[in-house]
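Below you'll find the structure, written out as structure tokens, and then a few comments.
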Amino acid sequence: MINRYAELLFLIGRCLERADNYARIINIYYSMRHELMETDEGYAWERLASAVGHTHELSTPANEWAVLHDLTFDRTNPDSIFSSIQQVRNHIRTLRPLLPGELWDIINTFYLWLKEQDVSKLMLQSPYLFYKHISEQLALFNGTADAAMVRGQHWNFIQTGKFVERMNGTVRIIQATYRNMKQDEKLLDEELLYNRFLVLLKSCGGYDAFRKFHAHHVRLTEVTEFLLLNAEFPRSIRFGINSLASYIERNPLLHHSIKNLSIQTSDVLSSIRAGRQRHGENITEEVLLLLQQLQLTVSDLGLLFADICYQEEAPVTVEV
């Protein structure tokens, strides 16, 4: 495969997953912000931006309007929902001969609708319904791709991008939640602690699935173990590792990096279990440091995959 095509397919997977992640987390915040009982509204919106890994500088002090604009509509923010969908549309337009025609129809219609929206229009309707519509359009695209795409190199590159971005999102929201819990530990009673874990699980789309494994407890160790190591939940780090390995396991360098990621993931959970015996449900600095290292490893894995897969002569050998 031409290395440029591999790059575009990889980016399609990443951008779609990023847009879906943003829409879901914003919606969960809207539906549960009262349960979080944030006293400083501006600080609460800053936390929302941090939870999705938003690094683009806000044009105005953090408030509802500014954060929603930056995360959803800002053309100058390459990670906003609009920018992500615009990138997907541009890449699919370049790759139209290689992909099912239905994918172009879906993404083009979605882009043209989103292009006409802004925060003012969003606020006139229900923000919940607005972001739900975004999630539904992305689900329609992904479902059509699942049904129509041949399971070959094109599919594998899209899936690799998706799972790299998905693991990034999961680690990022865990890290942000636990960092906030560490800052607020003197203010958190049992009910607020439960609500934080609830928001964390729902932000990863995992609350209902978590309840199938842990019907009676929503506690630090169980939540972390589920999001990091559950092999059956599609947004867990373990599921992402296994999925990536199935696409790129024949490349020794990538296989080694995935193995290191697996070890670091287990180290995070071991540290949380040890800390629970000493400190109860409180977050330790050691856990925060391990989560930060895990985030860097996931990010490095994406860069490493890009460097290897876009080489002129030898794209990654994938399982078909």
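The values are calculated or read from the model by the stated rules, or taken from the named source; none is laboratory data. This one's a predicted model, so the numbers in the text were calculated from it and none came from an experiment. Heads up, the Cβs are rebuilt from the backbone with ideal geometry, glycines too, and the neighbour counts pull from every protein chain shown. Protein only, heavy atoms only, side chains kept; ligands, DNA and RNA dropped before computing areas. Shrake-Rupley method; radii C 1.70, N 1.55, O 1.52, S 1.80 Å.
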* Asked: For q = 0.15, 0.19, 0.21 Å⁻¹, what log10 I(q)/I(0) does the stretch 1-148 give under the Debye formula with an equal point scatterer on each alpha carbon and no solvent?
  -> -0.77, -1.14, -1.33
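Which order do peptides 13-24, 286-297 fall in by mean Cβ count within 10 Å, highest first?
Numbers: 13-24: 24.7, 286-297: 17.5.
So the peptides 13-24, 286-297, ranked by packing, come out 13-24, 286-297.
Sorted by accessible area with a 1.4 angstrom probe, largest first, how do ILE283, ILE263 fall? Intermediate values should be presented prior to the final figure.
Working: ILE283 10, ILE263 85 Å².
If we order ILE283, ILE263 from most to least accessible, we get ILE263, ILE283.
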* Within the stretch 53-187, what is the number of lysine pairs with alpha carbons under 25 Å apart, leaving out pairs fewer than eight places apart on the same chain? -> 4
* Asked: When only Cα pairs under 8 Å and 6 or more residues apart are kept, what is the percent relative contact order across the stretch 1-148?
  -> 29
* Give the cross-link partners of LYS212 among the lysines, using a straight C-alpha distance below 20 Å as the criterion and excluding same-chain residues fewer than 8 apart. => LYS202
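Net charge near PHE163, counting Lys/Arg +1 and Asp/Glu -1 over other residues with Cβ under 12 Å of its Cβ? If you can, show how the numbers build up before the last one.
Working: positive: ARG14, LYS162, ARG166, ARG235, ARG238; negative: GLU17, GLU165.
With Lys, Arg at +1 and Asp, Glu at -1, the net is +3.
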